[in-house]
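Colleague: Supplied in structure tokens, the structure appears directly below.
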Amino acid sequence: MKAYQELGREELLSLKAQLEKEFEEEKAKGLKLDMSRGKPSVSQLDMAMDFMDTLDSNSYMKTEDGVDVRNYGIVDGIPEARKLLGDIMGVSADHVIVCGNGSLAIMYDTVSRSVTHGVGGCTPWCRLDKVKFLCPVPGYDRHFAITEHFGIEMINVPMSPQGPDMDMVEKLVAEDESIKGMWCVPKYSNPQGYTYSSETVKRLANLKPAAKDFRIYWDNAYAMHHLYEDRQDELPEILSLCEQAGNPDLVYEFCSTSKIIFAGAGLGAVASSKANLDEIRKSLSIMTIGYDKINQLRHVRYFKDIDGIARHMKKHAVQMRSKFQAVLEVLDRELSGTGIGEWTNPNGGYFISFESMEGCAKAIVAKCKEAGVTLTGAGATYPYGKDPKDSNIRIAPTFPSQEEMELAADIFVLCVKLVSVEKLLE
Ligand code: PLP
């Protein structure tokens, strides 16, 4: 296919007329499709309905060491659940606290506690003039929403398939004491699906931040979310690398079973050094006498161990990969060689990241909306909702059915073409 940039004005004008006609035809169909949020599909949820039957009125409601899960206590989570979630992150149970129904609340709490009470005996962030976070971009909008909520200034750090630009990260954290944290989705990142390379993880573990209370927020949300049997990314385990580097307290790691079992009814966990966990525990034990241990026990009885989770995730993968492939096929067929877009083809996670020509993303999302396809708002993948190039669009293929996904992808590429032609004619 000829690159759009090589087309003459007349060719572009006739292409525009043809695309406009196609667009009106699509619009007239009155479709209503949603590719906006990374949610599990109904059939993924249906696959786990027997999870609900794991505990019933006849169940033995005690942990392996005899604690009644129906009663108060064990703020860290039951030992077998700490082990299960630790295994997701590749760390031992003593590095893990299992909390409530998901991980985002733990991240919010961790930032909130740092603002009000400080980290490791340092000045609480609320008493500082400036607090900044590094934000690999594009990234997860809800991370950025947390730091924005607390008035923390966010600095964009470009991502590559190897992870964040480490030269930039090393330089910034070494020079600026007001940089207190960094958001990372190290495996199958949201939205690009990139996994940080071993070199990147090693460099992160060896950072020499000016701020003693600098912490990496290692959101390992997609640890188990492979799409393929034969194409799987490996992420080095960072807590042990930090220990080896003499930086044992550098990382808070988070994971959850939201996208393994039921979104919003899973388990969230944080893993970190003993010192960090002690600090977290101090405030947790004021906030709660203990989280939902019944759900913790249900998880352990249902999955049994990490292999049980892996088996369950293989079932998800079968469904998910056909939806990803459906979108990728349309993108390949319609946009390869046109020079008007690039996209990722991840081995796991929940998203495909699309880069349009500069200055086109907002218009593409608006055009899609007009034709009945909802996408994540353009800019959402950047702090403050501001994509400096207005080019990134996050595609979430998981929730719609495959048929809907194919229809939505067709409309998406049509809108990309139309907006790009309009841009080239400006
Ligand atoms: N972290 C990342 C990177 C995500 O993409 C999501 C959900 O999309 C979450 C966290 C939310 O996790 P939870 O449901 O455990 O709060």
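Quick note: the coordinates plus some simple rules give every number you see, no bench work behind them. Here the structure is a predicted model, which means the values were calculated and not measured. Neighbour counts run over all protein chains shown; Cβ positions are idealised from the backbone, glycine included.
Colleague: Under a GNM of the chain (C-alpha, springs under 10 Å), which listed residue has the highest mean-square fluctuation: 272, 112, 189?
Modeller: Maximum fluctuation in the GNM of the chain, among the listed residues, is at 112.
Colleague: Can you compute 3J(HN,Hα) from phi for each residue in the range 342-354, using the Karplus curve 6.51 cos²θ - 1.76 cosθ + 1.60 with θ = phi - 60°, rounded to whole Hz and x for Gly and Pro?
Modeller: Result, rounded to whole Hz: 10, 8, 9, 10, x, 8, x, x, 10, 9, 10, 9, 10.
Colleague: Next question, about the same structure. Is it possible to state the helix-based mean residue ellipticity at 222 nm for the chain, with each DSSP H run of 4+ residues giving -39500 (n - 2.57), the sum divided by total residues, to the nearest 500 deg cm²/dmol? What is it?
Modeller: -13000 deg cm²/dmol
Colleague: Within the range 189-268, report the chymotrypsin sites (Phe, Trp or Tyr not before Pro) that DSSP leaves as loop and that have at most 14 other Cβ atoms within 10 Å.
Modeller: 228
Colleague: A further question on this structure: Quote the relative contact order of the range 195-280 in percent (integer), defining contacts as alpha-carbon pairs under 8 Å separated by 6+ residues.
Modeller: 29
Colleague: What does the convex hull of the alpha-carbon atoms of the range 63-304 project to on average, in nm²?
Modeller: 12.6
Colleague: With the cut-off at 21 Å, tell me which of the pairs 171/208; 39/62; 130/282; 16/362 have Cα atoms farther apart than that.
Modeller: In this structure, 39/62; 130/282 exceed 21 Å between Cα atoms.
Colleague: How about residue 274: which aspartates and glutamates have a C-alpha closer than 12 Å to its C-alpha, ignoring those fewer than 8 places off in the same chain?
Modeller: Output for residue 274: 94, 243, 249.
Colleague: Separate question: Describe numerically, in nm with one decimal, the distance between label points set 7 Å from Cα along Cα→Cβ at residue 21 and at residue 240.
Modeller: Calculated label separation equals 6.3 nm.
Colleague: Would you work out which of 299, 152, 122 lies farthest towards the positive end of the dipole of the range 63-304? Charges go on Cβ: Lys and Arg +1, Asp and Glu -1.
Modeller: The listed residue farthest towards the positive side: 299.
Colleague: If I model a spin label at residue 289 and residue 402 as a point 7 Å from the Cα along the Cα→Cβ vector, what separation in nanometres do I get?
Modeller: 5.1
Colleague: Springs between alpha-carbon pairs under 10 angstrom, Gaussian network model over the chain: which of 229, 243, 342 fluctuates most?
Modeller: 229
Colleague: For the range 63-304, what relative contact order do you get, as a whole percent, if you take Cα pairs closer than 8 Å and at least 6 residues apart?
Modeller: About 28 percent, as a whole number.
Colleague: How much length is gained on full extension from residue 94 to residue 332, taking 0.36 nm per residue of separation minus their Cα-Cα distance?
Modeller: 81.0 nm
Colleague: Please give, to one decimal in nm, the separation of the simple spin-label points placed at residue 148 and residue 232, each 7 Å out from Cα toward the Cβ.
Modeller: Label-label distance for residue 148 and residue 232, simple model: 3.6 nm.
Colleague: For residue 369 and residue 42 in the same chain, what is the full-extension length gain: residue separation times 0.36 nm, less their Cα-Cα distance, in nm?
Modeller: That works out to 115.4 nm of additional length.
Colleague: Oh, and also: At 1.002 mPa s and 20 °C, plugging the Kirkwood radius over alpha-carbon pairs of the range 168-300 into Stokes-Einstein gives what diffusion coefficient in µm²/s?
Modeller: 131
Colleague: Starting from the Cα of residue 14, move 7 Å in the Cα-to-Cβ direction to define the label point; list residues of the range 400-426 whose amide nitrogen is under 20 Å from there.
Modeller: Backbone N within reach: 417-426.
Colleague: Here is a follow-up. Work out the length of the dipole vector of the range 144-224 about its Cα centre, built from +1 on the beta-carbon of each Lys and Arg and -1 on the beta-carbon of each Asp and Glu, and round it to the nearest 20 debye.
Modeller: Here the size comes out at about 320 debye.
Colleague: Please give the contour-minus-distance gain from residue 162 to residue 306: 0.36 nm per residue of separation, less the Cα-Cα distance, rounded to one decimal in nm.
Modeller: Extending this stretch completely gives an extra 49.2 nm.
Colleague: Please report the relative contact order for the chain, taking Cα pairs under 8 Å with a sequence separation of at least 6, and give it as a percent rounded to a whole number.
Modeller: Rounded, it is 26 percent for the chain.
Colleague: Additional query: For residue 31 and residue 3, FRET efficiency with R0 = 35 Å and r from the beta-carbon atoms, rounded to 0.05?
Modeller: 0.75
Colleague: Continuing with the same structure: Measure up 367/417; 259/304; 2/386; 2/323 against 20 Å on the Cα-Cα distance and list the ones that go over.
Modeller: Over 20 Å apart, Cα to Cα: 2/386; 2/323.
Colleague: Please state, to two decimals, what the Cα-based radius of gyration of the chain comes to when divided by 2.2 N^0.38 Å (N = residues).
Modeller: Relative to the 2.2 N^0.38 Å estimate, the chain comes out at 1.04.
Colleague: Another one. Only residues of the range 164-194 count here: report those whose backbone N is under 16 Å from the spot 7 Å along Cα→Cβ of residue 342, or say none.
Modeller: Of the residues in the range 164-194, 164-165, 191-194 have backbone N under 16 Å from the label point off residue 342.
Colleague: Mean-square fluctuation check for the chain, GNM, Cα pairs under 10 Å: which of 70, 298, 215 is largest?
Modeller: Result: 70 has the largest fluctuation of those listed.
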